[in-house]
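The values are calculated or read from the model by the stated rules, or taken from the named source; none is laboratory data. Owing to the predicted nature of the structure, the values given are computational and were not obtained by experimental measurement. Please note: Cβ atoms are built from the backbone with ideal geometry, for glycine as well, and neighbour counts cover all protein chains shown. To get the accessible areas, we keep the full protein, side chains included, count just its heavy atoms, and leave off ligands, DNA and RNA. Shrake-Rupley method; radii C 1.70, N 1.55, O 1.52, S 1.80 Å.
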Amino acid sequence: MTDGFRLDGRTALVTGASRGLGRAMAEALGQAGARVVLVSRTIEDLDRTSDELAATSCDVVTKAFDLSEVAGIAAWVADIWSEVGPIEIVVHSAGQQRRAGAVDVELDDWDRILTVNLTAPFFLSREVGNRQIEAGSIGSHIFVGSLKTNIGIARAATYAASKAGI
């Protein structure tokens, strides 16, 4: 399937890369020839995913980062840029949710979910995008939404709101 779609020589950063859609997209990008920077909160999840993808000949790098720490994004991207090189593709697949009725959502949960699902993707793309502009290079920034923004699902109001923002 990737014969007509090659990304050789390009680097893709994928958040939420240790499972679900993020993992599947990281694998597809790697199979298409991209070097893939796998991002997740926990190094253990990243190590497992890295081993699995490396076994399929994907070129992967792991970078643990907690997207709720938005203030650290600029320094983290600078570290990746200096170690790995320019990032041409960003896939924002990370997402958090807490199943609760809207009347039961606490402010801390609301803030954490909106930060990880909406605020962090914006500032991560802004940081990478500024570097791409400075380098005069092109880039692709892919934001993963959810069907929950169009289909009412009980106990998912915070998640749906954050993904509607995307």
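Of the residues making up region 103-129, those that are β-branched (Val, Ile, Thr) and farther than 18 Å from residue 65 by Cβ are 103, 105. Does residue 129 meet the test of being open to solvent by less than 40 Å² (accessible area, probe 1.4 Å), more than 19 Å from residue 20 (Cβ to Cβ), free of Cβ contacts under 8 Å to residues at least 40 places away in the same chain and out of contact with any strand residue (DSSP E or B) (no Cβ under 6 Å at 6 or more places or on another chain)? Criteria met by residue 129. Restricting the first member to region 92-106 and to residues that are modelled with pLDDT of 95 or more, and the second to residues that are open to solvent by 80 Å² or more (accessible area, probe 1.4 Å), the beta-carbon pairs closer than 6 Å and six or more apart or on different chains are 92/143; 93/21. Scan region 151-166 for residues that are surrounded by fewer than 16 Cβ atoms within 10 Å (Cβ to Cβ) and under 22 Å from residue 119 (Cβ atoms) and the total you get is 3.
Taken over region 117-162, the criterion of being closer than 18 Å to residue 10 by Cα, among the aliphatic types (A, V, I, L, M), within 13 Å of the chain's Cα centre (by Cα) and outside any helix (DSSP H, G or I) is satisfied by 142 alone. With the requirement that a residue be among the basic types (Lys, Arg) and out of contact with any strand residue (DSSP E or B) (no Cβ under 8 Å at 6 or more places or on another chain), what does region 37-51 give you? The answer is 48, and nothing else. Residues in region 20-31 that are closer than 15 Å to residue 54 by Cα and either in contact with a Ser or Thr (Cβ under 8 Å, 6 or more places away or on another chain) or at pLDDT below 95 (or both): 23, 25, 26, 27, 28, 30, 31.
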